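The values are calculated or read from the model by the stated rules, or taken from the named source; none is laboratory data. Being a predicted model, the structure only gives us computed values, none of them experimental. Don't worry about glycine lacking a Cβ; one is built from the backbone with ideal geometry, like all the others, and counts go over all protein chains shown. For the accessible areas, the whole protein counts, side chains as well, though only heavy atoms, and no ligand, DNA or RNA atoms are used. Shrake-Rupley method; radii C 1.70, N 1.55, O 1.52, S 1.80 Å.
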Amino acid sequence: VFHLSLEMHPPLTLHRHPMCAEIIEEFQKCHLDHPVKKFFGECTDLKIKLDRCFRQEKALKRKANFEESKKFKEQLLAYKREIAETNQE
């Protein structure tokens, strides 16, 4: 299934997207090497690879954030239990 995204990609800053740095560099080089052809699909394959990489990167960040949130909630519940036990004494 061919899927062409019409969405803009996030800013292409290497430090914010270390997982996709190599593809970002290739994409930027393609745009520099083909200033006119880029408008006619010359860099589309790289754009698709970049979009996929950004999606994977976002999924990993989302999972890490969820795990961190889960740990924080567990710590908060333990703290609330401890306070409740202290107040009962």
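For the stretch 59-75, 3J(HN,Hα) computed residue by residue from phi via the Karplus equation (6.51, -1.76, 1.60; θ = phi - 60°) reads 4, 5, 5, 4, 5, 5, 5, 5, 4, 5, 5, 4, 5, 4, 4, 5, 5 Hz, glycine and proline entered as x.
Against the longest alpha carbon principal axis of the chain, how many degrees, from 0 to 90 and to the nearest 10, is the axis of helix 21-33 turned? The two axes meet at around 30 degrees.
Farthest toward the positive end of the dipole of the chain, out of Val36, Met19, Ala84, is the Cα of Val36, where the dipole comes from beta carbon charges about the Cα centre. Solvent-accessible surface of the chain, averaged per residue with a 1.4 angstrom probe and all protein chains in place: 87 square angstrom. Taking the average, over residues, of other Cβ atoms within 10 Å as the packing measure, peptides 21-27, 31-37 rank 21-27, 31-37 from highest down. Straight-line reach from Lys58: taking Cα to Cα under 21 Å and skipping same-chain neighbours fewer than 8 places apart, the lysines in range are Lys47, Lys49, Lys70, Lys71. So, R0 is 41 Å and r is the distance between the beta-carbons of Lys73 and Val36; what FRET efficiency does that work out to, to 0.05? So the FRET efficiency works out to roughly 0.15. Here is the size of the stretch 19-87 from its Cα atoms: Rg then Dmax, 22.4, 72 Å. The fraction of accessible area contributed by carbon and sulfur in the stretch 19-87 is 57 percent, rounded to a whole number (1.4 Å probe; ligands and nucleic acids excluded).
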